[in-house]
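Down below is the structure, laid out as structure tokens.
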Amino acid sequence: MRTTVGIIGAGPAGLLLARLLHNAGIDSVVLESRDRAYVEHRQRAGILEQGTVDVLREAGAGQRMDREGLRHDGIELRYDKKRHRVDFPALTGGRSVMVYAQTEVCKDLIALQLAEGGPLLFEAEALAVEDADTDHPRVRFRHEGRESVLECDYVVGCDGFWGVARGAIPAELTQVFERTYPFGWLGILADVPPSHDELVYARHDRGFALLSMRSPSVSRLYLQVPEGTDAESWGDEEIWDELERRFETDDDWRLERGPITQKSVTPMRSYVHEPMRHGRLFLAGDAAHIVPPTGAKGLNLAVGDVVTFARALTYQKDKGSAELLDAYSETCLRRIWQAERFSYDMTTLLHRAPDATPFEDRLQLARLERIAGSRAADTDLAEAYTGFPLG
């Protein structure tokens, strides 16, 4: 097989990149190791920044999102039984976010790719990226029991942290920056309408809690738990009781309970791989960086990466200049490090470390009071949450 851009991975990053390239008249082939059902049902992120929403609309992939997604104009911070709303449009010149699950983004992009785009091969396992530092990189892959080669002009690794793309960059050329947190998130899906119409981030002496949603009838909620916790070690009523404690307020707000349909534990870590390019191999999304989910940045960072690559390749096609492709890693990393900083700030602001001291507890409360009492601090949070400029 031969194509201009070989894309490894049919998550939202790989699928969106294929769509952007198709719209720019650039051919691609997408290789995905899992089957279609798995890709369309794996639960991941659910918050889309303003820039991500705009890109999906411009790409022709926003119709169902606009019908079924939930626009949110703010979030609520809770601490010491107090409530503070961060008003996004008022603080950012009109920006907001959209609650629309990654699974739904993938369904929309898969349908478009199969109807209008280039080849999308499911159950096509990428085995290796070869000759990345030449003008003709190759992806060896296995599909339908046979090993094949995809000849490319460029390869983009959107294959996640455990994929093969990052391993094709020589170790001596790389730097890795990472932090592992001593806690995780116990997440549940519950068949009950959300108890608040916007996301609630709660800081409590017993640990962090988040109230989110997947739809007007399905709630998504999280509890901070020790690292390595088994989700099944928590009973349903125990979970609801703990959520109720951590979301407690001084007013008459109440947490609605319902049947829990899914439990899982998400580890918390920060990770950045530099550089994000080697020759004609480019990394995007979790292949290059991971953020703790507190800042809702993972999916949105992946979108920023592929938008940057698509713009750079289109610029080369139209102008004959590789200037933007050569700047890909540097351009992406500026945005990534701001998102890492924000995600770290939100995580350390709202989670209680196992060895936290009374001094550190008071600092957290002081930081929250600063956000609640200062328009400048409120604006800084709102600008970061709704998204840093793409590219």
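None of the figures in this text is laboratory data; all of them are computed from the coordinates on show. Just so we're clear, the structure is a prediction, and the values are computed from it rather than from any experiment. Cβ placement follows ideal geometry from the backbone for every residue including glycine, while neighbour counts extend to all protein chains displayed.
Below are the figures for this structure:
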read-out: Percent breakdown of C-alpha pair distances by 10 Å bin, ordered from the shortest bin, for region 189-313; value: 11, 34, 27, 17, 9, 1
read-out: Computed helical MRE - 222 nm, the chain, DSSP H runs ≥ 4 contributing -39500 (n - 2.57), nearest 500; value: -11000 deg cm²/dmol
read-out: Net charge of neighbours whose Cβ lies under 12 Å from the Cβ of LEU56, counting Lys and Arg as +1 and Asp and Glu as -1; value: -3
read-out: Taking all pairs of distinct alpha-carbon atoms in region 108-182, Kirkwood radius in angstrom; value: 14.6 Å
read-out: Residue-by-residue Karplus 3J(HN,Hα) for region 189-194, coefficients 6.51, -1.76, 1.60, Hz, glycine and proline x; value: 9, 9, 7, 8, x, x
read-out: Per-bin percent of Cα-Cα distances, region 313-367 [10 Å]; value: 20, 27, 19, 15, 13, 7
read-out: For region 262-278, 3J(HN,Hα) per residue [Karplus equation, 6.51 cos²θ - 1.76 cosθ + 1.60, θ = phi - 60°, Hz, x = Gly/Pro]; value: 7, 10, 7, 10, 9, x, 10, 8, 10, 8, 9, 10, 10, x, 9, 9, 9
read-out: Formal net charge of residues neighbouring ARG179 (Cβ-Cβ distance under 14 Å; K, R +1; D, E -1); value: -2
read-out: Computed over the chain: relative contact order in percent, which uses C-alpha pairs under 8 Å that are six or more apart; value: 20 percent
read-out: Two-decimal ratio, the chain, of alpha-carbon radius of gyration to 2.2 N^0.38 Å; value: 1.00
read-out: Descending Cα extents along the principal axes, region 94-152, whole Å; value: 46, 29, 20
read-out: For region 1-72: rounded, prolate or oblate by the Cα gyration tensor [a/c cutoff 1.5]; value: oblate
read-out: C-alpha center-to-center spacing [region 343-382, region 12-40] in angstrom; value: 39 Å
read-out: Ranked list, fewest to most other Cβ atoms within 10 Å of each Cβ, for MET98, MET1; value: MET1, MET98
read-out: Antiparallel bridges, percent of DSSP beta bridges restricted to the chain (to nearest 5); value: 75 percent
read-out: Distance cut-off 22 Å, percentage of C-alpha pairs in region 35-172 lying past it; value: 57 percent
read-out: Cβ-based net charge around PHE309, under 14 Å, with every Lys or Arg adding one and every Asp or Glu removing one; value: +1
read-out: Sorted by Cβ neighbour density within 10 Å, fewest at the top, the residues LYS263, LYS319; value: LYS319, LYS263
read-out: Angle in degrees between helix 12-23 and the longest Cα principal axis of the chain, rounded to the nearest 10; value: 50 degrees
